[in-house]
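Take a look at the structure below.
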Amino acid sequence: MNTTITITINGEPHTLPTTTTLRDIITHITGHTITPEGHTPTGTTLGIALALNNEIIPRSNWATTIPGPNARIEIVTAVQGG
């Protein structure tokens, strides 16, 4: 049984444990702790969105969603300005 999978995050291949959730990925990439509801411990959001295989995943599902092998994840950040 495989204990790792390879997925693509923002166009780059990554090998991760098969039990890695989207919340784990966001925590690793941003360096911020994320609650099961998808917020920081202070209750704020990070201003990011995550798509798994071209489908936006609500932050409330990040803690329970585990990407499968060869999944494609895109993480985008909101930027203010004009």
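Computed from the coordinates by the stated procedures, all read-outs in this text should not be read as laboratory data. Computed from a prediction, not measured in an experiment: that's the story for all the values here. Heads up, the Cβs are rebuilt from the backbone with ideal geometry, glycines too, and the neighbour counts pull from every protein chain shown.
Contact order, relative form, for the chain: 36 percent (alpha carbon pairs under 8 Å, 6 or more residues apart, mean separation divided by residue count). Where q = 0.13, 0.14, 0.16, 0.20 Å⁻¹, what log10 of I(q)/I(0) comes from the Debye formula for segment 4-77, counting one point per Cα? Debye output, listed in q order: -0.32, -0.38, -0.50, -0.78.
Here the sum of -39500 (n - 2.57) over DSSP H runs of 4 or more residues, divided by the residues of the chain, equals -3000 deg cm²/dmol at 222 nm, to the nearest 500. Put a plus charge on the Cβ of each Lys and Arg, a minus charge on the Cβ of each Asp and Glu, and nothing anywhere else: the dipole of the chain about its Cα centre is then about 40 debye.
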